[in-house]
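K.L.:
Quick one: structure below, then a few questions.
The values are calculated or read from the model by the stated rules, or taken from the named source; none is laboratory data. What you are looking at is a predicted structure, and each value in this text was computed from that prediction instead of being measured. Heads up, the Cβs are rebuilt from the backbone with ideal geometry, glycines too, and the neighbour counts pull from every protein chain shown. Each accessible area value is taken on the protein alone, full model and side chains, heavy atoms only, with ligands, DNA and RNA left out. Shrake-Rupley method; radii C 1.70, N 1.55, O 1.52, S 1.80 Å.
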Amino acid sequence: MIIFSGGTGTPKLLDGLRTLVPESELTIVVNTAEDLEISGNLISPDLDTVLYLFSDRIDREKWWGLEGDTFETHKRLRELGIEEELKIGDLDRATHILRSDFLKEGASLTEATEKLVSHFGIKASVLPMSDAPVSTQIETPEGKLHFQTFWVKKQGLPEVKKVEIQGLSEAFPSEKVLKALKKEEQILIGPSNPITSIGPILGLKGMRKLLKEKTVLAISPIIGNAPISGPAGKLMEACGLEVSSFGVAEYYQDFLDFFIFDERDSAEDSAFESLGCRATRADTLMTSQEKSVDLARFVLKIFEELA
């Protein structure tokens, strides 16, 4: 199975899936449009969250970074007058340094990630969506802001006029991603931000066309008219999409076979028929590992029925 992943929502689902499916059977294609360079090293937030999850070191309180990490280097840099865009932990920084060294030695991002997967003893296949540099920029009254600046430094407060994913029009899926897509028939789009987490993966050249040939199941990150977490609602609105589960399904409709939305949502199952897909309700609010397992089990059951 291939899973398209961004930040918090999908990794929580992966936490459930890995208890039900051998990790070696999971391929995770991860958004890299939120990557940025800080203090001379490439930070790949969504990739690192998946790496830390599968190596059993994720900070489960924050769902980013490493459990028990310290921030002495970050604090010292601030004392020296250097303000980093993100608060980077000392152990986390070691990952960024190692990744950046691989890249400086000539490795592609895919090759660098494979080396990290090996170092961490991970059995799942973790793949960056592309080896081409892609960057999500948020146009605000203050000017264009990198997504991380908008969301972390500015706390998602500025008005969003437009979302631009620079470099996406020239970017292709990596060779490893294409190889995985040729092999696997079942694609799961996790409950991550459809605009800035899943959108860049879908925007890669030829991706939507490839998905039309697959069995695609997606999970909504929206309940009612608000995201479970993050700025998805504000970003969807800026892109002209209805902030609802229906709006998410509509964004995926050209390739979507099955859609899961939350049991607390006011949408009707039949509303999704107009999009050409089947839909059903489930508890998508993964507030514990047990709930993540329950949702993962439900997803696997649907894939069995679709097969």
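K.L.:
Looking at the structure I just gave you, is LEU20 open to solvent by 20 Å² or more (accessible area, probe 1.4 Å), in contact with a Leu (Cβ under 7 Å, 6 or more places away or on another chain) and closer than 23 Å to LEU168 by Cβ?
P.N.:
So LEU20 fails the test.
K.L.:
Could you check segment 79-92 and list, in sequence order, the residues that are outside any helix (DSSP H, G or I) and either open to solvent by 100 Å² or more (accessible area, probe 1.4 Å) or within 22 Å of ASP35 (Cα to Cα) (or both)?
P.N.:
Within segment 79-92, LEU80, ILE82, GLU83, GLU84, GLU85, LEU86, LYS87, ILE88, GLY89 qualify.
K.L.:
Another question, if that's okay. Is it fair to say ARG76 is out of contact with any strand residue (DSSP E or B) (no Cβ under 6 Å at 6 or more places or on another chain), open to solvent by 60 Å² or more (accessible area, probe 1.4 Å) and either more than 26 Å from SER24 (Cβ to Cβ) or assigned to a helix (DSSP H, G or I) (or both)?
P.N.:
For ARG76, the condition - out of contact with any strand residue (DSSP E or B) (no Cβ under 6 Å at 6 or more places or on another chain), open to solvent by 60 Å² or more (accessible area, probe 1.4 Å) and either more than 26 Å from SER24 (Cβ to Cβ) or assigned to a helix (DSSP H, G or I) (or both) - is met.
K.L.:
Cβ-Cβ under 6 Å, sequence separation 6+ or interchain: first residue in segment 53-71 and at positive phi, partner in a loop (DSSP other than H, G, I, E, B) and open to solvent by less than 80 Å² (accessible area, probe 1.4 Å). Which pairs?
P.N.:
Going by the 6 Å Cβ cut-off, the qualifying pairs are TRP63/THR8; GLY65/ASP59; GLY65/GLY89.
K.L.:
Next question. Can you give me the ranges of the strands (runs of 3 or more DSSP E) entirely in segment 213-282 with at least 1 residues that are in contact with a Gly (Cβ under 7 Å, 6 or more places away or on another chain) and among the hydrophobic types (A, V, I, L, M, F, W, C)?
P.N.:
Answer list for segment 213-282: 215-219.
K.L.:
Could I ask something else about it? Would you kindly identify the strands (runs of 3 or more DSSP E) lying entirely within segment 121-200 that contain at least 3 residues that are touching a residue at least 24 places away in the same chain (Cβ under 8 Å)?
P.N.:
Output list reads 125-128, 135-140, 162-166, 186-189.
K.L.:
Residues LEU202, LEU217, LEU178: which one is farther than 24 Å from MET286 by Cα, open to solvent by less than 10 Å² (accessible area, probe 1.4 Å), at pLDDT 95 or above and not aromatic (Phe, Trp, Tyr)?
P.N.:
Unique residue meeting the criteria: LEU202.
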